[in-house]
Structure formats: C-alpha cells, structure tokens
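K.L.:
Dropping the structure in here first, questions after.
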Amino acid sequence: MLRRSRCRWVFVCILLTVLLRLAPLKSDSDPTTQLIGDVDNTQSFGVNPISLILVQKLGYQSACNSCSHRDLGFTGRVAGKWYSVWADTLWAAPGVTDPELDTPGFHGMVRSSVSLLTDDPLRVVDLNLNDDWPVPHQQPFIPFNEDWGESSRTAFGGASLCEVDAGSATAAVFILVNAFEPDLVGAGVAKVQVINGTPTVTQRFGPKGYWWDATTTPHYGDKISYRDERSDYIYIWGGPPNRYTGWLEGGYIYLVRVKAADVFDLCKYEYWWGHQQGWKPEVLTTFTTETAALWGTGQGQIVWNDYYDCYILVHLGIAGVTLYMRTAKSLEGPWTPDLEIYSTTPIDGGLVYAGVAHPYLDPSGKSLVVSFTNNNRIEVVKVWFK
C-alpha cells in the first residue's frame, strides 16, 4: 500500500512538471515563462524526404583579389548574378595573399562587406576595395552614419541580398544594428543598387537607420532572409527582443513578410502570429511558442529545391558543429525534423555557425553546396542527394 502511494506521488510530481512546462505562466520578470504556451508551432512535423549519397568537404573559401578573415557570407541573387554578404571582415597584414599565412595581430577591419560569387565555390571576388598596396582590402558594405550616433564600432548583422527589381538591379538587405553600448539597437532594411558591378547601399530607412526597436520587437533579418521565387514575397526571420537572452527563450525565431515591390514601405509588412492566427498587419507583440516560427536554428539560409519539390533550410543549430537540413512545403512551416548532414571540428576551438546555401551551382537541385563559418574561415562542403 505504501509503495502504491509513493508511485502515485511520483506520478503526480511528473505530471505537474509537464503541466508547468506547457502552461503559460504569469510572471513578468522571467521572459521564459512568457514564451511557453499551449501550442508550440516550432515542433517538427512529417518526414524529411532528404536522403544522401555523399557529402564531401571541398575546402575553405577565399578571395582571388584580396585577403581577409570573415564570417557569414549569405548568398543572394541580383540581376542574374550572385553575391555574398559578410559580417566582420578582418584584413590580413599588408602584402599577405593567403589567410592561413597571416601574421599575428590586428591589421584593420570593416563591419560588413560584399563579394561576387563565381562558379568555383572556393573562390569569390571581393568588391568595393580600398587602395591598400600591394593587396587591397574591402571597404564597408553598410557604412555607419555619425548623424545617427553610429561609429566605426557599430556592427551590422544581417543575411542575404533579396532582389527587388532585376531590371534596375535593385535589392534589399535587412540589417541588425549593434551599438555594443548598451546593446542591440534595432533592425531595419536598406536599399541596395548594383553600381558599376558592385552592390551599394544607397539608402537606409527609418529615422535612425532602422525600423524595429530591438527592445520591443524581433530582430527581423538577423537570422534568415529569403526572396521567394515561387511568390511575390520576401520572407524575413529574426530572433526575439533583447530581453529574451537565455538559451531557451533566445532560440525562438519570428517571421515577417512583404511583397518585394513594397519592401521599402513599412506599412505594407505582414507579421506571422502563428498557424492559429495567421498573417496580420499588426506588429507582433506576443512572443510565445504559438507565434514563433522556428526554434534553435541560429543563422541559416532557405532555398527552394526542385529535386525534392520543397524548401530546404540549412543551419548549424545554436553555435553547433553539425550541419543540418530540414524541409517544408510552406515557408510558414511546419518543418520536418532535421537531418544531420556533416560534422566538423572547430578550428582552434572557435565557433561554428551560419549555414549558407549555394543553389546556383546546381539548378537541378540534385546536389547542394553549403558553406559555414568555422572560426572566421568559410568551410565548404558539397552534398549529393539520392
């Protein structure tokens, strides 16, 4: 009788733990409790159709006309050409042409840069170079603006270039402004025009160069941005407002979209409130497992794959060492479970993150080249599908 009572008590304790994990709690001081709801739209669903024949490491990507250490490199097409957008770009020492032969120390840097992609996944052409001799280095792709309180310390996160109009070679880039003191500032969009072969930021929108206040709204564009070739829309994913900082709550990702023709008009954006509520013109203000679109992917990239007839999300989780792919028929999800593609070894114990897809190298979709950041090197692998 005593043993049966203890079993019942253990069962009750377990049940209460589960209910507390699922129920929306009321505390305003703990942001985690605001995220847990009765519905979790970030859970995987269905079967991942991807099957692998071979995954091969190709090497490390570098520029043929400059020399820097860099991260991210999200790809985007504008007027028939593909470009990579980088975040921190650390110049190599004067005269150094191989990043692996760089000398110790700091030799200068910019907070963002842009390169032209080539048919060789290991070679890019750096654009917007300075006059350094004998090896030029990249200048900033997104310049800081002192009138907005920005300086050379201001960083600009973001993702892919999203084509707006091919005829005028115009695109948008979504940016996350990081002032470091005290924190992330806000997210917004900039107009990009290809001038003399170089994507150039010609205008940033918002009274201080951004739209969405990072303290109250998601960091739209800091995780994924994608010009959907199957619709008129650009889709933009971002992490939660600044107050959600933990491993769990900070891993949720929220979604907004806009027609490409209206990308520079904030009033035309639609916000994803989850499968139960759908798209709304009202800015998302409720951050729960119901309104989140993804969890735990970190930065990544989405492409449409003709071979599997679905969207593929490439990512490495939250600063992990394993490359994953998941699929969906709709950009709103639900997404299938992840398939492990490839695991790497962090260089010198550094961070591994930001999965990047290069779909232009095989339009059939039967293979996909993927790159990612490994301690400021861009590691490249090729995946053949069964």
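K.L.:
What pairs can you find where one residue is in region 169-192 and farther than 15 Å from Arg153 by Cβ, the other is part of a loop (DSSP other than H, G, I, E, B) and of a type in the set (Lys, Arg), and their Cβ atoms are less than 8 Å apart, with a gap of 6+ or different chains?
P.N.:
Gly186/Lys208
K.L.:
Looking at Ala166, Ala172, Ala159, Ala93 in this structure, which one is closer than 17 Å to Ile378 by Cα and out of contact with any helix residue (DSSP H, G or I) (no Cβ under 7 Å at 6 or more places or on another chain)?
P.N.:
Being closer than 17 Å to Ile378 by Cα and out of contact with any helix residue (DSSP H, G or I) (no Cβ under 7 Å at 6 or more places or on another chain) holds for just one of Ala166, Ala172, Ala159, Ala93, which is Ala159.
K.L.:
Further question on the same structure: Just wondering, is there one or more residues in region 363-382 that are out of contact with any helix residue (DSSP H, G or I) (no Cβ under 7 Å at 6 or more places or on another chain), surrounded by fewer than 22 Cβ atoms within 10 Å (Cβ to Cβ), within 18 Å of Trp82 (Cα to Cα) and free of Cβ contacts under 8 Å to residues at least 12 places away in the same chain?
P.N.:
Within region 363-382 (the criterion being out of contact with any helix residue (DSSP H, G or I) (no Cβ under 7 Å at 6 or more places or on another chain), surrounded by fewer than 22 Cβ atoms within 10 Å (Cβ to Cβ), within 18 Å of Trp82 (Cα to Cα) and free of Cβ contacts under 8 Å to residues at least 12 places away in the same chain), the answer is no, since none of the residues qualifies.
K.L.:
While we're here: All but one of (1) touching a residue at least 40 places away in the same chain (Cβ under 8 Å); (2) within 19 Å of His219 (Cβ to Cβ); (3) assigned to a loop (DSSP other than H, G, I, E, B); (4) not acidic (Asp, Glu) hold for Tyr308; state the number of the condition that does not hold.
P.N.:
For Tyr308, the exception is condition (2).
K.L.:
Name the residues in region 143-163 that are assigned to a loop (DSSP other than H, G, I, E, B) and within 17 Å of the chain's Cα centre (by Cα), would you?
P.N.:
Scanning region 143-163 gives Ala159, Ser160, Leu161.
K.L.:
Next up: Of these, Ser66, Ser62, which one is surrounded by 20 or more Cβ atoms within 10 Å (Cβ to Cβ) and part of a loop (DSSP other than H, G, I, E, B)?
P.N.:
Answer to the selection: Ser66.
K.L.:
Tell me, which residue of region 136-148 that is more than 15 Å from Met109 (Cβ to Cβ) and not charged (D, E, K, R) is surrounded by the fewest Cβ atoms within 10 Å (Cβ to Cβ)?
P.N.:
If we take residues in region 136-148 being more than 15 Å from Met109 (Cβ to Cβ) and not charged (D, E, K, R), then Asn145 is surrounded by the fewest Cβ atoms within 10 Å (Cβ to Cβ).
K.L.:
Please find, among Leu22, Leu15, Leu52, the residue that is modelled with pLDDT under 60, farther than 30 Å from Gly167 by Cα and surrounded by 12 or more Cβ atoms within 10 Å (Cβ to Cβ).
P.N.:
Selected residue: Leu22, the only one of Leu22, Leu15, Leu52 that is modelled with pLDDT under 60, farther than 30 Å from Gly167 by Cα and surrounded by 12 or more Cβ atoms within 10 Å (Cβ to Cβ).
K.L.:
Only one of Ser160, Ser115, Ser168 is crowded, with 21+ Cβ neighbours inside 10 Å, farther than 26 Å from Pro241 by Cα and of a type in the set (S, T, N, Q); which?
P.N.:
Exactly one of Ser160, Ser115, Ser168 is crowded, with 21+ Cβ neighbours inside 10 Å, farther than 26 Å from Pro241 by Cα and of a type in the set (S, T, N, Q), namely Ser115.
K.L.:
Taking region 228-278 on its own, how many of its residues are surrounded by 13 or more Cβ atoms within 10 Å (Cβ to Cβ), part of a loop (DSSP other than H, G, I, E, B) and touching a residue at least 40 places away in the same chain (Cβ under 8 Å)?
P.N.:
Looking only at that region, the number is 11.
K.L.:
Let me ask something else about it. Quick one: how many residues across region 87-108 are touching a residue at least 40 places away in the same chain (Cβ under 8 Å) and either part of a loop (DSSP other than H, G, I, E, B) or over 18 Å from Phe372 (Cα atoms) (or both)?
P.N.:
The total comes to 4.
K.L.:
Is it the case that region 221-233 has a residue that's of a type in the set (Phe, Trp, Tyr) and under 16 Å from Gly355 (Cβ atoms)?
P.N.:
There is at least one residue in region 221-233 that is of a type in the set (Phe, Trp, Tyr) and under 16 Å from Gly355 (Cβ atoms).
Here is a yes/no grid of residues against (1) farther than 17 Å from Val173 by Cα; (2) surrounded by fewer than 17 Cβ atoms within 10 Å (Cβ to Cβ); (3) under 26 Å from the mean Cα position of the chain (by Cα):
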site	(1), (2), (3)
Val85	no, no, yes
Pro94	yes, yes, no
Glu100	yes, yes, no
Thr103	yes, yes, no
Arg111	no, no, yes
Asp120	yes, yes, yes
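K.L.:
Here is a follow-up. Look at region 58-80 and say how many of its residues are in contact with a strand residue (DSSP E or B) (Cβ under 6 Å, 6 or more places away or on another chain), of a type outside the set (S, T, N, Q) and within 22 Å of Asp132 (Cα to Cα).
P.N.:
5
K.L.:
Additional query: So which of Val283, Val369, Val356 is assigned to a loop (DSSP other than H, G, I, E, B) and not aromatic (Phe, Trp, Tyr)?
P.N.:
Val283
K.L.:
Is at least one residue of region 189-205 closer than 22 Å to Phe287 by Cβ, in contact with a strand residue (DSSP E or B) (Cβ under 9 Å, 6 or more places away or on another chain) and either modelled with pLDDT of 95 or more or not in a loop (DSSP other than H, G, I, E, B) (or both)?
P.N.:
Yes - at least one qualifying residue is present in region 189-205.
The values are calculated or read from the model by the stated rules, or taken from the named source; none is laboratory data. Everything quoted here is computed from the prediction, not taken from an experiment. Cβ: placed from backbone, ideal geometry, glycine included. Neighbour counts: every protein chain shown.
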